[in-house]
Structures are given as C-alpha cells and as structure tokens.
1. Any chance you could count how many residues in the stretch 177-189 are surrounded by 15 or more Cβ atoms within 10 Å (Cβ to Cβ) and either touching a Gly at 6+ places or on another chain (Cβ under 6 Å) or in a strand (DSSP E or B) (or both)?
2. Of these, A344, A309, which one is of a type in the set (A, V, I, L, M) and modelled with pLDDT of 80 or more?
3. Among the residues of the stretch 309-338, write down those that are among the aliphatic types (A, V, I, L, M) and open to solvent by less than 10 Å² (accessible area, probe 1.4 Å).
4. Only strands (runs of 3 or more DSSP E) wholly contained in the stretch 87-139 count here; list those with 1 or more residues that are in contact with a Gly (Cβ under 7 Å, 6 or more places away or on another chain).
5. Going residue by residue through the stretch 90-102, is there one that turns out to be within 26 Å of T334 (Cα to Cα), open to solvent by 50 Å² or more (accessible area, probe 1.4 Å) and at pLDDT 90 or above?
6. Taking into account only those residues within the stretch 280-298 that are assigned to a loop (DSSP other than H, G, I, E, B) and open to solvent by 10 Å² or more (accessible area, probe 1.4 Å), which is nearest to P202 (Cα to Cα)?
7. On the given criteria, is R385 of a type in the set (K, R), closer than 21 Å to G230 by Cβ and within 24 Å of the chain's Cα centre (by Cα)?
8. Can you tell me which residues in the stretch 396-418 are surrounded by fewer than 20 Cβ atoms within 10 Å (Cβ to Cβ), under 18 Å from V384 (Cα atoms) and in contact with a Ser or Thr (Cβ under 7 Å, 6 or more places away or on another chain)?
Amino acid sequence: MTGTGRRRRRGAGMVLAAVLAPWPMTAVGHGAVGPGGVPAAGAGARIVPLSVPSPVHHASARPWARLAGRGGLWVWCAGDGRRGLSVTVPGGRSRRCAGVRVTAPGGGGRRVTWFAVGHGSFWARPLGASRGVSVRALGARGVFRYVTLAVREGRLVAVAGAGAPGAQARYHLTVSGRRTVRMTATEVASYRDRAVARRDRPALAGFYDFGVGTAMSAMAIDPARHDADGLWFTDARGPSWAPLRNPRHPWRQAYGPGVRAFGLLQRDRARRYYGVHAARPQDAPDVIVHWPGRGTRVVLRERPTAGRAAPNVWVMFGPRAQDRETLRYRLTWTRTARDRGDRAIVVSTLMGGNARSGARMYVIDYAGGAIARRLPDHAVAGTVRVRPDTFVTQDSVRYNPYTHGYRQVLQVLPMAGRNIHVRAWLSVSGQRLSETWRYTLFAPRIAR
C-alpha cells in the first residue's frame with residue numbers, strides 16, 4: 001500500500017513511465033509485453049467482467065426451420081413470438097421473433113451461428129471465430145421489422161426491412177463462405193430530410209474499452225477489452241491505420257471522400273491479453289467493407305463507455321446524404337491474414353504524456369511488408385505531419401528485433417485549446433514503406 005500511495009502522490013508525471021514499458025519489449029497486436037510476459041499498461045483501470053451481448057438472446061432449444069437439409073442451414077428463433085421481427089422461410093411459414101440466427105455445421109457434431117439478424121443489426125461469423133463487429137441498420141437507431149430467408153444456388157439470401165424515425169431501408173443480402181464469409185449488400189433507403197440522412201447512415205458497430213498500453217489497463221484483471229482495436233482504410237494515398245480509444249467525451253472524425261475499402265480490425269489477438277472469457281474477443285473477425293467506384297466517405301464516431309460491453313464505436317459510411325438513395329457494397333468477415341502488399345502495418349501503439357507540459361509521446365511499431373528483412377538503420381526515416389503551430393520534439397526510428405520491424409517514437413507538444421491531427425509513416429529515400437498512422441490529439445489542459 002505504501003508503494004502504491006507513493007506512485008499516486010507523484011501525479012501524472014508517472015503516467016508516461018507506467019505506460020511505456022522499458023526496452024526491449026515484445027509487441028503483439030495493439031500493445032506490448034515486457035520481460036516475463038508482463039503487459040505494458042497504465043493506471044486507473046476498472047475491474048469489470050467481459051460480456052459481449054449478442055443480438056439474439058434466449059434462443060429455443062430446437063431449430064424452428066431448416067433451409068438446406070438436415071446437415072445444412074438451420075434457422076433458430078428467439079423470443080416469445082408475440083412481437084418483434086417477422087421471419088419468413090420457404091414454404092410461406094412465418095413467425096415473430098426477437099431475433100433470428102442461421103447455424104451451420106461447425107465440426108465435431110456442433111452447430112455454430114453463421115448469420116444473424118437482431119433488433120437493429122446483422123452480422124456474420126466465420127467458423128472458429130467469435131461474435132465481433134456488426135452492421136447497424138440506419139446508424140444506431142434502426143430497427144428491423146421483417147426478414148425473409150431462402151437458399152439459392154448454395155447461397156443464403158436474406159431480404160430485410162428496417163425503420164427509424166424519419167427513415168426506412170430495405171436490405172438485400174447474399175451470404176456465402178464459411179471460414180471467410182462474404183456478403184453482398186444492396187440497401188435502398190429513403191429519408192424524411194437530409195438532416196435525418198446525415199444522422200442515420202449505415203454503420204459498422206464495435207466495442208472498445210481499453211487495450212494493452214493505454215491508461216485504462218493497469219489494475220484490470222485483463223489488460224485488453226475490445227472486439228476491434230483500429231480503423232483501417234485505403235484511399236488514393238494508400239492504406240492508413242487509426243487506433244481506437246475510449247475517449248473522455250464523444251468524438252467524431254471524418255475521412256474521405258475517396259475511401260475505397262475500410263473496416264474495423266482486431267490486430268491484437270494474443271490470448272493472454274484477454275483471459276478466459278466465453279465471448280473470446282481475441283477471436284473476433286475483421287470486418288471489411290469494399291466500396292465500388294471512386295470510393296466513399298467514412299465517419300468514425302467514438303463514445304466513452306462506463307464498463308459496459310456494448311457498442312461505443314461506429315464507422316458510418318456512404319456518399320453525401322440524399323433524400324433517397326441506393327447503396328451497393330461488399331462485406332467480408334475473416335480471421336485469415338490478408339495480403340497487405342509491400343507496405344508494413346502498424347502492430348502496436350503505446351502512448352503516454354505529461355499533464356504539466358501537455359506533451360504527448362507515442363511509440364508505434366511497424367512490421368511486415370518490405371521491412372520484414374532488416375534494412376540499414378540510417379536508411380529508414382520517419383515522417384510526421386502536424387499543424388504548423390504544433391512542435392514535434394522527438395521523432396526517432398530504430399530496429400525492433402522482437403517484432404522484426406521498426407519502432408517510431410514521437411513526442412508532440414500541441415497548443416492548448418486545439419485538437420491536432422497527426423500522420424506518421426516510415427520511408428526510405430522518399431518512398432513509403434508503411435501504412436499511415438493517424439491519430440487525433442485532444443486539446444490538452446495544461447495543469448497550473
């Protein structure tokens with residue numbers, strides 16, 4: 001108790017030392033561990049159990065209908081059947097459910113949920129993965145009214161309708177694949193006015209409370225608590241990575257309008273970070289949206305969470321709002337590593353700061369791609385882009401033998417009262433080696 005009291009009396013000056021573990025560290029996923037497997041963590045965490053809710057609760061013990069024979073797809077209905085979602089299957093059979101899920105053989109005589117439609121969202125799950133990010137109908141306010149299920153040419157076809165105050169939408173979903181689930185979505189939406197259209201965009205919905213290396217995970221039972229740890233997207237400049245966080249106040253950031261593909265990814269998959277939980281967040285699949293044509297605009301919305309394992313991260317997408325529109329896009333749920341080309345990816349982000357001066361420090365680990373083979377240290381350079389009135393007091397790059405990649409250390413001193421957008425990447429002779437790391441520094445409050 002004495003040592004703990006001393007650390008608390010020293011104040012915010014110890015936050016940086018607590019968050020950034022001493023070198024060397026083994027970086028895996030969104031955080032890092034030090035010698036002996038001790039996670040690098042900060043202070044002020046809450047001890048809370050992990051329970052990721054599913055849109056379908058209290059399913060019946062027996063399937064309600066079979067879509068593709070005894071060993072194929074089965075339909076399970078949840079709820080008392082009095083009100084909620086109207087579900088229709090081939091043959092004209094219909095029933096009201098609180099939610100519906102379609103199961104497929106999962107090996108060992110077990111059946112696993114493959115596709116589900118709940119109160120206001122739908123989601124798919126590859127075999128061997130846990131439930132993760134879902135797609136919200138009409139933003140966060142849509143409610144599904146009906147769904148019709150059928151199997152055509154070996155693919156599941158779902159036609160669903162959703163409504164919200166001042167808006168309604170009709171979805172046509174075609175689902176295929178087992179270990180990598182691919183879905184083609186056609187959404188026809190109409191809005192009362194453009195104000196409603198801007199607010200009720202389709203959205204990916206994920207959950208992020210804290211991760212390894214953030215200031216929320218020092219005293220937690222588990223050092224990580226999320227089903228996605230970053231927003232990945234690609235545009236004309238190339239791929240980018242924006243780490244998620246649990247902000248102190250609601251936050252909104254827009255990217256685009258030429259975003260061609262984006263998604264909420266779970267790069268931190270080390271099981272030791274999550275402990276033993278039935279939800280298995282380390283197995284949550286990556287969800288990627290492929291947008292045709294010239295791309296679209298995405299908006300990342302983050303809200304603080306008070307320990308509840310409910311969605312607090314939304315990625316809203318679509319072109320500029322119209323009174324009536326038809327959106328066509330493709331979705332992929334996968335746990336397999338994707339070919340990211342020659343550019344390295346961000347595998348770890350650690351952060352700390354000094355409350356007195358307002359300085360912020362970020363440690364970014366890159367791995368894979370062209371830097372999988374070690375390059376001369378003097379050849380790899382870090383590039384940082386900030387506002388002209390923001391001072392970058394440190395920008396160093398060195399080889400990290402534990403990730404077989406490179407580590408970039410940034411120390412930024414923003415001006416009080418202004419949010420700063422930071423972009424950083426690695427390059428050799430002016431040629432980019434990595435994806436772009438993006439982060440927004442909230443306006444600091446200088447201690448007096």
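1. 9
2. Working: A309 fails: modelled with pLDDT of 80 or more.
Within the list A344, A309, the selection yields A344.
3. Of the stretch 309-338, the ones among the aliphatic types (A, V, I, L, M) are 309-310, 313, 315-316, 321, 327, 331, 337.
Scanning the stretch 309-338 gives V313, V315, L327, L331.
4. Working: elements: 94-97, 99-107, 110-117, 121-124, 134-136.
Qualifying strands (runs of 3 or more DSSP E): 94-97, 99-107, 110-117, 134-136.
5. Here is the first cut: in the stretch 90-102, the residues within 26 Å of T334 (Cα to Cα) are 99-102.
With the extra rule that they be open to solvent by 50 Å² or more (accessible area, probe 1.4 Å), the set shrinks to 101.
Cutting the leftovers down to at pLDDT 90 or above gives us 101.
Yes: the stretch 90-102 contains one or more residues that are within 26 Å of T334 (Cα to Cα), open to solvent by 50 Å² or more (accessible area, probe 1.4 Å) and at pLDDT 90 or above.
6. W291
7. no
8. Of everything in the stretch 396-418, those that are surrounded by fewer than 20 Cβ atoms within 10 Å (Cβ to Cβ), under 18 Å from V384 (Cα atoms) and in contact with a Ser or Thr (Cβ under 7 Å, 6 or more places away or on another chain) turn out to be V409, Q411, L413, M415.
The values are calculated or read from the model by the stated rules, or taken from the named source; none is laboratory data. These numbers come from a predicted model, not from an experiment. No Cβ is skipped: glycine too gets one built from the backbone with ideal geometry, and neighbour counts run over all protein chains shown. The area values use the complete protein model at the heavy-atom level, side chains included, leaving out ligands, DNA and RNA. Shrake-Rupley method; radii C 1.70, N 1.55, O 1.52, S 1.80 Å.
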